[in-house]
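Enquirer: First the structure, which I've put down as structure tokens, then a few questions once you've had a look.
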Amino acid sequence: MCGIVGAIAQRDVIGILLEGLKRLEYRGYDSAGLAVIDSESGDLQTLKAVGKVKKLVDKVAAHPVKGQLGIAHTRWATHGVPSESNAHPHLSDTEFALVHNGIIENHNELRNELIGKGYRFASETDTEVVVHLLHEVCKQQDIDLLQAVQLAIPRLHGAYGLCVIRANEPDRMVVARSGSPLVIGVGIGENFVASDPLALGQVTDRFIYLEEGDIAEVTRDSIRIFAGTEEIKRPITRIKSEIDEIEKGEFGHFMLKEIYEQPRVIKNTLSGRISDRHVLEEAFGVKSKAIFDQVDNVQIVACGTSFHAGLITKYWLENIAKMPCQVDIASDYRYRNIIVRPGTLFVTISQSGETADTLAALRYAQELPYVGRLAICNVATSSLVRESDFSLLTMAGREIGVASTKAFTTQLVALLLMSLVLGRRNGLDEESEAAYIRDLHQLPDIVDKALAQDQAIQRLSIQFADKHHALFLGRGPQYPVAKEGALKLKEISYIHAEAYPAGELKHGPLALVDDKMPVIAVAPNDELLGKLKGNLAEVSARGGKLFVIADESAGFDDEVDYQLVRLPPVPEVLAPIVYTIPLQLLSYHVAILKGTDVDHPRNLAKSVTVE
């Protein structure tokens, strides 16, 4: 996804801007650019390049510029193909330069208005309308840059992180945030701006995190933050951004750290991709609309945990998009005689983007008549992303623990966004979509509440210390959640664990149930709860030891035979994501009791790069 870097100092900032862009390369991009106010002439100078940051570095070497105020950007194309004209920063009348993350939903309306006022557009982007709008506001009212941003922001619909400079105000930059993260790096006699603190790790370890709706004016010696026109204060946080992802910090293992990072990375995955009421479809890239318009069927291919994400997505696509979906294990997919129905979208899911079987399936699918190939992936530079027609990155950050946790839940978030985008084409009305979006905005807080059950789950895990087998049960979309829970337990504790649809108990698995077999069930308060309770009664009647992850309103309170972990009410569409969290914690605590190598379980690798 796009990256922003800005700097104002008493020294030349070109090196700071370029180093910041290099540190953001992991996010993925297709072009890069910078703008500075030239130290000698006072003019606004811009340089842009398509491709890697190295190409921009070479351009700066060939056409040297110097400045004490500048902004820079790496772009992931949403509106308009990758090109120098579409790369950021965008200019208006060589006076204003602006970089932008996010999507402006009403850009066409603003573009037509500005064209009517005589503005000429040099790009296909939604971003360029913002810089011309700022120019127009200043021209009409003779105001400064901060005031212009404060007046223009209410006219923007969508998600944005903005940083703008003005040639005749070389002592400041102004930033604004709504739905797309921005931080201010605090220095001594210099200050900085970025979309990710990682970009500024070489110049500061002190950061101010802007909140939704904040506008800030940043000079060398001051930082003023506004909510609308009212000046406010935000705290300064000291972090070691360069090593945060490769140190466990207060946690005993990377796996536990990554479980606890899920509220933040889920928020990051949603950031810039949803507004108050809509999925911002352009986040899927330039090609997405033309491909999505052709889709009436989905084929998902993945391995392991990612395969379970695909199984959950099948329920979402059927219920939200009213669309058929097939989900296949990647290692088997290309050895079948695949029949591709007209209008089928091919979707791959992978944390690393280098999973050998998934890559081989994608390459096989390149020869088949799919309408497009979409990658859901955590690594922007991976083979899977590069070889697909378009992609949506999960913003999970580096996942070090071999057993996937935060990558799985962010995959689900990305796949739910895909389901909503396809649903929009198949009868999902605006109010229903808005209701789903309201639920998604709550998701990080709901996951936090699920994590609050950690101690209860730790106490419960003691009863697994001497067990060698476990059975996981779920109904509907909770069956793949049960499969994921079983996979986590077997991966890191080496307990043999299997998952079944709860309705299948009488068709064989019930023969395994006795007082030595723990049975773990996931029980949200949904339309299948009554049937699930009947299935659990069958287990209880045969002496089975039941552990139930249940909605606090599901009516299990009086059932003395059950070991309960209660979760707060969860919107039904989000239940597969939220109910995954207790199962991750259970597997972790059981593994600790078993004394296994939690982060590096035997015989397993983080990225399976061989068939």
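The values are calculated or read from the model by the stated rules, or taken from the named source; none is laboratory data. Being a predicted model, the structure only gives us computed values, none of them experimental. Heads up, the Cβs are rebuilt from the backbone with ideal geometry, glycines too, and the neighbour counts pull from every protein chain shown.
Enquirer: Give the number of residues within the range 212-252 that are crowded, with 20+ Cβ neighbours inside 10 Å and either at pLDDT below 85 or not assigned by the TED database to the domain that holds His100 (or both).
Expert: 1
Enquirer: Does the range 143-160 contain any residue that is under 23 Å from Leu21 (Cβ atoms) and modelled with pLDDT under 95? Walk me through it before giving the result.
Expert: Initial filter on the range 143-160 (under 23 Å from Leu21 (Cβ atoms)): 159-160.
So of that shortlist, the ones also modelled with pLDDT under 95 come out as 159-160.
Among the residues of the range 143-160, at least one is under 23 Å from Leu21 (Cβ atoms) and modelled with pLDDT under 95, which makes the answer yes.
Enquirer: Let me ask something additional. Only one of (1) assigned to a loop (DSSP other than H, G, I, E, B); (2) crowded, with 16+ Cβ neighbours inside 10 Å is not met by Leu415, so which one is it?
Expert: (1)
Enquirer: Right, something else. Determine which single condition Tyr160 fails, assuming it passes every other condition in (1) in contact with a Gly (Cβ under 7 Å, 6 or more places away or on another chain); (2) closer than 20 Å to Asp43 by Cβ.
Expert: Status for Tyr160: all satisfied but (2).
Residues are listed down the side, and each one gets a yes or a no for (1) of a type in the set (Phe, Trp, Tyr); (2) crowded, with 24+ Cβ neighbours inside 10 Å; (3) over 17 Å from the mean Cα position of the chain (by Cα); (4) under 16 Å from Asn268 (Cα atoms):
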| site | (1), (2), (3), (4) |
| --- | --- |
| Gly372 | no, no, yes, no |
| Thr381 | no, no, no, no |
| Phe408 | yes, yes, no, yes |
| Glu430 | no, no, yes, no |
| Asp445 | no, no, no, yes |
| Gln463 | no, no, yes, no |
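Enquirer: Here's something else I'd like to know. Looking only at residues in the range 352-370 that are in contact (Cβ under 8 Å) with a residue 60 or more places away in the chain and assigned to a loop (DSSP other than H, G, I, E, B), which one is surrounded by the most Cβ atoms within 10 Å (Cβ to Cβ)? Steps first, answer last, please.
Expert: We begin by selecting, within the range 352-370, every residue in contact (Cβ under 8 Å) with a residue 60 or more places away in the chain; these are 352, 354-357, 360-362, 365, 370.
Still in the running and assigned to a loop (DSSP other than H, G, I, E, B): 352, 354-355, 370.
On the way: Ser352: 22, Glu354: 17, Thr355: 28, Tyr370: 25.
Among residues in the range 352-370 that are in contact (Cβ under 8 Å) with a residue 60 or more places away in the chain and assigned to a loop (DSSP other than H, G, I, E, B), the one surrounded by the most Cβ atoms within 10 Å (Cβ to Cβ) is Thr355.
Enquirer: Can I ask one more? Test of understanding: among His88, His100, His73, His135, which residue is in contact with a helix residue (DSSP H, G or I) (Cβ under 9 Å, 6 or more places away or on another chain), part of a loop (DSSP other than H, G, I, E, B) and outside the structural domain of Ser275 (by the TED database)? So that I can check it myself, show each step before the final result.
Expert: Details: His100 fails: part of a loop (DSSP other than H, G, I, E, B); His73 fails: part of a loop (DSSP other than H, G, I, E, B); His135 fails: part of a loop (DSSP other than H, G, I, E, B).
Just a single option satisfies the conditions, and that option is His88.
Enquirer: Report yes if some residue within the range 465-487 is charged (D, E, K, R), surrounded by fewer than 18 Cβ atoms within 10 Å (Cβ to Cβ) and touching a helix residue (DSSP H, G or I) at 6+ places or on another chain (Cβ under 7 Å); otherwise report no. Walk me through how you get there before you give the answer.
Expert: From the range 465-487, those charged (D, E, K, R) are 466-467, 475, 483-484; that's our starting set.
Now restrict to residues that are surrounded by fewer than 18 Cβ atoms within 10 Å (Cβ to Cβ): 466.
Checking the rest, the ones that are also touching a helix residue (DSSP H, G or I) at 6+ places or on another chain (Cβ under 7 Å) come to none.
Within the range 465-487, none of the residues are charged (D, E, K, R), surrounded by fewer than 18 Cβ atoms within 10 Å (Cβ to Cβ) and touching a helix residue (DSSP H, G or I) at 6+ places or on another chain (Cβ under 7 Å).
Enquirer: Then there's this: So, in the range 273-285, exactly how many residues are touching a Phe, Trp or Tyr at 6+ places or on another chain (Cβ under 8 Å) and assigned to a loop (DSSP other than H, G, I, E, B)?
Expert: Filtering the range 273-285 down to residues touching a Phe, Trp or Tyr at 6+ places or on another chain (Cβ under 8 Å) leaves 281, 284-285.
Narrowing further to those that are assigned to a loop (DSSP other than H, G, I, E, B): 285.
Going through the range 273-285 one residue at a time, the tally reaches 1.
Enquirer: Among the candidates Asp429, Asp448, single out the residue that is farther than 17 Å from Val570 by Cα and either in contact with a Lys or Arg (Cβ under 8 Å, 6 or more places away or on another chain) or in the same structural domain as Ala511 (by the TED database) (or both). Full working, then the answer.
Expert: Numbers: Asp448 fails: farther than 17 Å from Val570 by Cα.
Every option except Asp429 fails the conditions.
Enquirer: Oh, and also: So, of the residues in the range 517-532 that are in contact with a strand residue (DSSP E or B) (Cβ under 8 Å, 6 or more places away or on another chain) and either of a type in the set (D, E, K, R) or not in a loop (DSSP other than H, G, I, E, B) (or both), which turns out to be surrounded by the fewest Cβ atoms within 10 Å (Cβ to Cβ)?
Expert: If we filter the range 517-532 for residues that are in contact with a strand residue (DSSP E or B) (Cβ under 8 Å, 6 or more places away or on another chain), which is where we start, we get 517-525, 529, 532.
Still in the list and also either of a type in the set (D, E, K, R) or not in a loop (DSSP other than H, G, I, E, B) (or both): 518-523, 529, 532.
On the way: Pro518: 23, Val519: 24, Ile520: 27, Ala521: 25, Val522: 31, Ala523: 28, Leu529: 18, Leu532: 24.
In this case the residue turns out to be Leu529.
Enquirer: Next up: Among the residues of the range 279-333, write down those that are surrounded by fewer than 17 Cβ atoms within 10 Å (Cβ to Cβ) and of a type outside the set (A, V, I, L, M, F, W, C).
Expert: If we filter the range 279-333 for residues that are surrounded by fewer than 17 Cβ atoms within 10 Å (Cβ to Cβ), which is where we start, we get 287, 289-290, 293-294, 318-319, 322, 324, 326, 329, 332.
Within the range 279-333, Lys287, Lys289, Asp293, Gln294, Glu318, Asn319, Lys322, Pro324, Gln326, Asp332 meet the criteria.
Enquirer: Being part of a helix (DSSP H, G or I) and either touching a His at 6+ places or on another chain (Cβ under 7 Å) or within 15 Å of Val295 (Cβ to Cβ) (or both), is that true of even one residue in the range 344-351? Steps first, answer last, please.
Expert: Of the range 344-351, the ones part of a helix (DSSP H, G or I) are none.
So far as the range 344-351 goes, no, none of its residues is part of a helix (DSSP H, G or I) and either touching a His at 6+ places or on another chain (Cβ under 7 Å) or within 15 Å of Val295 (Cβ to Cβ) (or both).
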